[in-house]
Amino acid sequence: MPNNIFMEIRPMLPGDWPAVRAIFQEGIDTGNATFEEKPPDWAEWDSAHLRDGRLVAVLEGQVVAWASLTSVSGRCVYAGVAEVSIYIAAAMRGKGIGGELMEALIKESEEKGYWTLQAGIFPENEASMALHQKNGFRIVGVRERLGKMDERWRDVVLLDRRSTVVGK
């Protein structure tokens, strides 16, 4: 981000959903962000995501990116493990917004007691792979031919990040 531009990172509010949904759709449109074919409605998205770690990046009054956490299991032993989603508006990619948002998400996750963050990323999504690895995620494996999308089998790279302060 240029030094003269102020970006706010704050908790996501229900009123942010139209912008969050539009950014999600832009990610879907790339064909390399998710197996989802369309964004869910607010109620479905809200019920599927943790209350912790719902963040938006706001630039000049507009939501330009969002991040969230999803539980990986209902079993209590996995209470400190969450899956990361992070989406940047198409016009804002490559400006450092993702890095700032990821740093804020990691900080909040650790404050809330999460010891492991994980992500599943299509290997073709080089920007997301780089963003995660720059922020301490490591590749733990590749789930080959995990799902079929547009008549093509897709691999998913599994990454995780262990907290340096939680769960030691």
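Computed across the chain, the Kirkwood hydrodynamic radius from all distinct Cα-Cα pairs reaches 16.4 Å. Applying 1/(1 + (r/R0)^6) with r as the Cβ-Cβ distance of LYS134 and ALA48 and R0 = 35 angstrom yields a FRET efficiency of 0.85. Along the Cα-to-Cβ line of VAL58, 7 Å from the Cα, sits a label point; which residues in region 7-29 have backbone N less than 15 Å from it? What the label zone holds, given the 15 Å backbone N cut-off, is 7-20. Only one residue of ASN125, MET149, ILE139 has its Cα farthest out toward the positive end of the dipole of region 117-158, where Lys and Arg carry +1 and Asp and Glu -1 on Cβ, and that residue is ILE139.
What 222 nm value per residue comes from the helices of the chain, counting each DSSP H run with n ≥ 4 as -39,500 (n - 2.57) and dividing by all residues, nearest 500 deg cm²/dmol? Don't skip to the answer; put the middle values down first.
Numbers: 4 runs with 45 residues, N = 168.
Rounded to the nearest 500, it is -8000 deg cm²/dmol.
Backbone N atoms of region 106-126 closer than 15 Å to the 7 Å Cα→Cβ label point of PHE35 belong to residues 119-123. On the beta carbon distance between ARG93 and VAL166, with R0 = 35 Å, the FRET formula returns roughly 0.70.
Rg to Rh for region 1-90: what is it, with Cα atoms only and Rh by Kirkwood?
On the way: Rg = 13.9 Å, Rh = 14.0 Å.
Answer for region 1-90: 0.99.
Taken over region 104-156, the convex hull of the Cα atoms encloses 96 Å³ per residue. Only the Cβ atoms of Lys and Arg (+1) and of Asp and Glu (-1) were treated as charged; on that basis the dipole of region 1-63 about its Cα centre amounts to roughly 180 debye.
Only Lys, Arg, Asp and Glu carry charge here, each on its Cβ (+1 for the first two, -1 for the last two); on that basis the chain has a dipole of about 560 debye about its Cα centre.
Of the residues ILE139, ILE121, ILE86, the one that moves most in a GNM of the chain with alpha-carbon contacts below 10 Å is ILE139.
Throughout, read-outs are computed from the coordinates displayed, never taken from laboratory work. The model shown is predicted, which means the values in this text are computed figures rather than measured ones. Quick reminder, even Gly has a Cβ in these numbers, built from the backbone with ideal geometry, and neighbours come from all protein chains shown.
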